[in-house]
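Quick notes on the structure that follows.
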Amino acid sequence: MKESIILSKKLIVFTICYNLLEGVFALYFGVESNSTTLLSFGLDSFIEIFASIIAIWGISSTNKKVHDRAEKLIAYSFLVLIVFILAKSALDFLNTNKPEVSIYGIIIACVSILVEGPLGYRKLKLGKELNNKVIIAEAKETLFCLNLSVLVLVGVGVNYFFGLWYFDPVAALFMIPWLFKEFREHRS
């Protein structure tokens, strides 16, 4: 059990390092191309860093109240991203804010799919083995990043290959139901 906790912490630290790089690149190219999905992706990388830091705090304690607080904080990080996506997508549609095409967004999404999928599923498996809701919630944040990578690939990719700019903010909106489900599940 102790070895699983140590492995969980190592995977979470790796998640922090990876997301720092991913987030910087996604935000840079998201601002450069005005891509809602890429900006949401970059923001989610930093929310995932926050969730990972909270998870380390939560699993480092044996206090049930710390575990509960850590899980709630991670849940509210999902809500922050919902608000951003709604606001940015609405602005894009109201102002016809067309994103530029971005091959870098496609590359970032592909790399993320290759990294976040195995990482998220490994952390989820460890969380379930340990029956640790904090690790499970943090793993779900990583798996959300995997889902988000696919949506970035769709939104940015359709814009890149077919010039259909509105796929970018629409793809971002498809993230909201999953985010809200996870928020409700982990806020209690």
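Observations on the structure shown:
- The stretch 1-105: relative contact order in percent, alpha carbon pairs under 8 Å with at least 6 residues between: 30
- Of the residues ASN63, ALA51, PHE84, the one whose Cα sits farthest toward the positive end of the charge dipole of the stretch 2-186, with +1 on the Cβ of Lys and Arg and -1 on the Cβ of Asp and Glu, is ASN63.
- Per residue convex hull volume, Cα atoms of the chain, in Å³: 87
- Here the relative contact order of the stretch 2-186, from alpha carbon pairs under 8 Å that lie six or more residues apart, stands at 29 percent.
- Backbone phi angles across the stretch 110-118, fed through the Karplus curve with coefficients 6.51, -1.76 and 1.60 (θ = phi - 60°), yield HN-Hα couplings of 5, 4, 4, 4, 5, 8, 5, x, x Hz in residue order; Gly and Pro are listed as x.
- Reachable lysines, given that their alpha-carbon falls under 20 Å from the alpha-carbon of LYS133 and they are not under 8 places away in the same chain: LYS2, LYS9, LYS10, LYS64, LYS65, LYS72, LYS123, LYS125, LYS181
- Computed from Cα positions, the angle between helix 36-59 and the longest principal axis of the chain comes to roughly 10 degrees.
- Separation of the ALA90 and LYS9 label points, Cα + 7 Å toward Cβ, nm: 4.3
- Among MET175, MET1, the ranking by other beta carbons within 10 Å of each residue's beta carbon, starting with the fewest, stands as MET1, MET175.
- Rounded to whole Hz, the Karplus (6.51, -1.76, 1.60) HN-Hα couplings of the stretch 5-18, x for glycine and proline: 5, 4, 4, 4, 4, 5, 5, 5, 5, 4, 4, 4, 4, 4
- Once the Cα gyration tensor of the stretch 104-148 is diagonalised, semi-axes √(5λ) in Å: 24, 9, 5
- Here the chain is treated with +1 on each Lys and Arg Cβ and -1 on each Asp and Glu Cβ, and its dipole about the Cα centre works out to around 820 debye.
- Listed values for the stretch 157-174 are Karplus-derived 3J(HN,Hα) couplings in whole Hz (6.51 cos²θ - 1.76 cosθ + 1.60, θ = phi - 60°), namely x, 5, 5, 5, 7, 10, x, 8, 4, 5, 5, 5, x, 5, 4, 5, 5, 5, and x replaces Gly and Pro.
Values in this text are rule-based calculations from the coordinates and carry no lab data. This one's a predicted model, so the numbers in the text were calculated from it and none came from an experiment. So basically every Cβ, Gly included, is an ideal-geometry build from the backbone, and we count neighbours across all protein chains shown.
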